[in-house]
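Only one structure is covered here, and it is reproduced in the block below.
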Amino acid sequence: MTNLRSLLVTLALCLVAFCREAVAAELSPVVLWPDGAPGALGKEPADVPTLTPYLPPPGTATGGAVVVCPGGGYGALADHEGRPVAEWLNSLGIAGFVLKYRIAPRYHHPAPLQDAARAVRTVRARAAEWGVKPDRIGILGFSAGGHLASTAGTHFAAGSAEAQDPVERVSSRPDCMILVYPVITMRAATHAGSRNNLIGPNPDEAMVALMSNEEQVTRDTPPAFLIHTVEDKAVPYENSLLFVAALRKAGVPHEFHLYEKGQHGFGMASGDPVLSSWPKRCADWLRLRGFRGDAAGPPAPLPPLPTPRQIAWQESEMLMFLHFGINTFTDREWGEGTEDPRLFQPEALDARQWASVAKEAGFKYMILTAKHHDGFCLWPSRYTEHSVKTSPWKGGNGDVVREVATACREAGLKLGIYLSPWDRHEKSYADSAKYDEHFKAQLTELLSSYGEVAEVWFDGAGSEGHVYDWPGYYGLIRKLQKDALIAICGPDVRWVGNEDGVARETEWSVQPASPALHPGARDKVWYPAECDVSIRPGWFWHQAQDAQVKSLEQLLDIYYKSVGRNSVLLLNVPPNRRGLISEADARRLRELRAVIDATFRLDFALGKSATASDSRGAAFGPGKALDGDKETYWSTPDGTTAASLELDLGEPLTFNVSRIEEAISLGQRVEEYRVEVPDGNGWKAVVKGTTVGHKKLDRFPEVTAEKVRLVVAKARGPLAIRSFGLHLSPRS
Ligand code: FUL
């Protein structure tokens, strides 16, 4: 391995666990009344209500905002009902504003209401600054904070146009209320502590009625979402029932979830397997209320993104590498550049045979060593005598590149060119600038005389210490072959880092940009891996290795560890001295294709019915991952980066391979997933993995199940799963 290649490997390895690039921002608290709150008794922190904004990561904001009122019986403010709630809202693309409102013993009604109303107005007045839509400002509260939120929703006022203070010019009406185990009434079912702190031990009837918010609901009350538990001993769920009844009577849209189990004060309930579903239900409802953008639209692409030529290359999955040249005749791996061209005489060279072996095995490209390190050119280059033209083959009139290009075209294969920068024959190699000219001249011949070239492969071996004009080479390739990928010592395709054909378990196509390869790119680039390996021990054909063609098991293992790990497999099949691919190699490739086809022809998940914990509306439902259509995908709402898909196979079926594919045109997203089957009372994982990308294949001992679940536990953004498949490999 060369310095250059090792540099690329180091680069690749530097890529540690990938973290979300976008982070939410917490700003400093905003003082609601800079000149002092109405009725303030002093200037202590307890006398100064504030609002702390938490803004969603840039690029994810939906324009929705929610003011968060922690609970605490109007005598305290519970931390776990503040910041974590704002962070959850941020994960939905919604801005959260945590309110510190005034409480007992110093403050009673109307101070909390004044603070809540002022909070809604402040967000509305400064909406542009915080990226919020002025008509998408909700209020959310827990327990006594729920009372306050419901008070804000039933005691709002329009702004006064003449007010000097711009905040007072806008309305204090929240656009929705989210009430979590709320206190609602000041009558029998009330929470005594909250009532006492808010309106004192002996309020008059008018005050009781005024602060019993179920009695204040009108048609103009904003839509509400309520959560309560039957078990709540502190605030009986009658509170929610009374409010729901009033909303119903007034014709106000509402949604109410009553859970049986759960003690008062559970907050986000993240540790509770049942109650932790409330934020999801609430997230769905927020979408209904227009707080979460357009439900029907596709997810925003998550950069960096592949170019169309990178997508086409990735889809092709298997490329054939052909190492052929003077080494084939000298029985060497690295020639010295002094070989006699007269040694090159393949008596039966037939590139059509190569193409037909490639076709049959399912390769989509043939990449030929037009020039290896020895400098011997397989085409009659005008810039050297060290080539086929000084060989006896076809009387010096042969051109292997042309024959391969023609065979590719006829067979519908793409052509790739390996051109070794290191040239041990060429005299000008000693002078960098001179050699650059020579190399560009040869590149020009290859890229302008043989039709379309889909990949240019620059190996780094032997080039230690040599300075090349890489930007000049890249510019020339882009000019002559705009759709060609530049691989290895190039910006489009990354060497996987070994010559075993094995990618990493965690293989990101999203990579840190390298200034040399990706000038101008900021941060990360799309730089997918290619796994090169030879079907024999050597890259070139050696008679002594005829019995060492890799076994079917070895090749299958390579297939699963390259194509099945978000990479492309570049498998070398070296033509022999006669100029043909040996029958042993061809037979092995046919066997490989037969097993791959037998495994993947049948997909037990295809067209089966499925449900999903979350999806982005009908156009992106779970069925889109099972419809066999490469253009459609299952996707989750903005902010939902963990979700599961449950598949009903209709009958118990036996499988030992799972296949997951992401819609990579929208970026690579999945960071952690599991495939699970039922296990008595729960689910057990048969596969646990990290990245997916273009395709993730996992093998496991045969399981028989009727239901299967794909759980994505972590992703860089909303999911975009274009396919989930289950297969039975005849050779596990
Ligand atoms: C290496 C070269 O030195 C080998 O000969 C072969 O071409 C392989 C694909 O890359 O670096």
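At-a-glance table
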| item | result |
| --- | --- |
| Any hit, the stretch 301-321, residues being in contact (Cβ under 8 Å) with a residue 40 or more places away in the chain and among the basic types (Lys, Arg) | yes |
| Residue that is nearest to the chain's Cα centre (by Cα), among those in the stretch 607-651 that are closer than 22 Å to residue 688 by Cβ and in a loop (DSSP other than H, G, I, E, B) | 641 |
| Residue count for the stretch 307-321, restricted to those that are aliphatic (A, V, I, L, M) and surrounded by fewer than 24 Cβ atoms within 10 Å (Cβ to Cβ) | 3 |
| Check on residue 201, more than 16 Å from residue 144 (Cα to Cα), part of a loop (DSSP other than H, G, I, E, B), touching a Pro at 6+ places or on another chain (Cβ under 8 Å) and in the same structural domain as residue 74 (by TED's automatic domain parsing) | no |
| Positions within the stretch 341-357 being surrounded by fewer than 21 Cβ atoms within 10 Å (Cβ to Cβ) and more than 19 Å from residue 376 (Cα to Cα), in sequence order | 348, 350, 352, 353, 356 |
| Residue 565 vs. criteria basic (Lys, Arg) and in contact with a Phe, Trp or Tyr (Cβ under 7 Å, 6 or more places away or on another chain) | no |
| Residue among 710, 697, 719 that is over 23 Å from residue 611 (Cβ atoms) and of a type in the set (A, V, I, L, M) | 697 |
| Qualifying residue in the stretch 375-387 (condition: under 16 Å from residue 573 (Cα atoms) and not hydroxyl-bearing (Ser, Thr, Tyr)) | no |
| Residue in the stretch 250-271 that is surrounded by 20 or more Cβ atoms within 10 Å (Cβ to Cβ), in contact with a helix residue (DSSP H, G or I) (Cβ under 8 Å, 6 or more places away or on another chain) and assigned to a helix (DSSP H, G or I) present | no |
| Matching residues, the stretch 570-585, being aliphatic (A, V, I, L, M) and over 38 Å from the mean Cα position of the chain (by Cα) | 580, 581, 584 |
| Spans of helices (runs of 4 or more DSSP H) in the stretch 102-156 with at least 3 residues surrounded by fewer than 24 Cβ atoms within 10 Å (Cβ to Cβ) | 111-125, 127-130 |
| The listed residue being at pLDDT below 95 and within 29 Å of residue 297 (Cα to Cα), out of 59, 96 | 59 |
| Candidates 118, 106, 126 - the one that is farther than 29 Å from residue 192 by Cβ and at pLDDT 95 or above | 126 |
| Within the stretch 517-529, tally of residues that are touching a Lys or Arg at 6+ places or on another chain (Cβ under 8 Å) and either without any contact (Cβ under 8 Å) to a residue 60 or more places away in the chain or surrounded by fewer than 21 Cβ atoms within 10 Å (Cβ to Cβ) (or both) | 1 |
| Criterion (at pLDDT 95 or above and surrounded by fewer than 17 Cβ atoms within 10 Å (Cβ to Cβ)) met by exactly one of 603, 648 | 648 |
| Condition met for residue 404 (over 26 Å from residue 519 (Cα atoms) and either surrounded by fewer than 21 Cβ atoms within 10 Å (Cβ to Cβ) or in the same structural domain as residue 366 (by TED's automatic domain parsing) (or both)) | yes |
| Which listed residue, of 356, 420, 387, 381, is among the hydroxyl-bearing types (Ser, Thr, Tyr) and touching a Cys at 6+ places or on another chain (Cβ under 8 Å) | 387 |
| Criterion: within 25 Å of the chain's Cα centre (by Cα) and in the same structural domain as residue 193 (by TED's automatic domain parsing) - qualifying residue of 266, 243, 291, 225 | 291 |
| Condition check for residue 413: in contact with an Asp or Glu (Cβ under 6 Å, 6 or more places away or on another chain) and not polar (S, T, N, Q) | no |
| Matching residues in the stretch 207-232 - criterion: being hydroxyl-bearing (Ser, Thr, Tyr) and in contact (Cβ under 8 Å) with a residue 40 or more places away in the chain | 218, 221, 229 |
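The values are calculated or read from the model by the stated rules, or taken from the named source; none is laboratory data. In this text the structure is predicted, and so the values were computed from the model without any measurement. Counting neighbours? That spans all protein chains shown, and the Cβs are built from the backbone with ideal geometry, glycine included.
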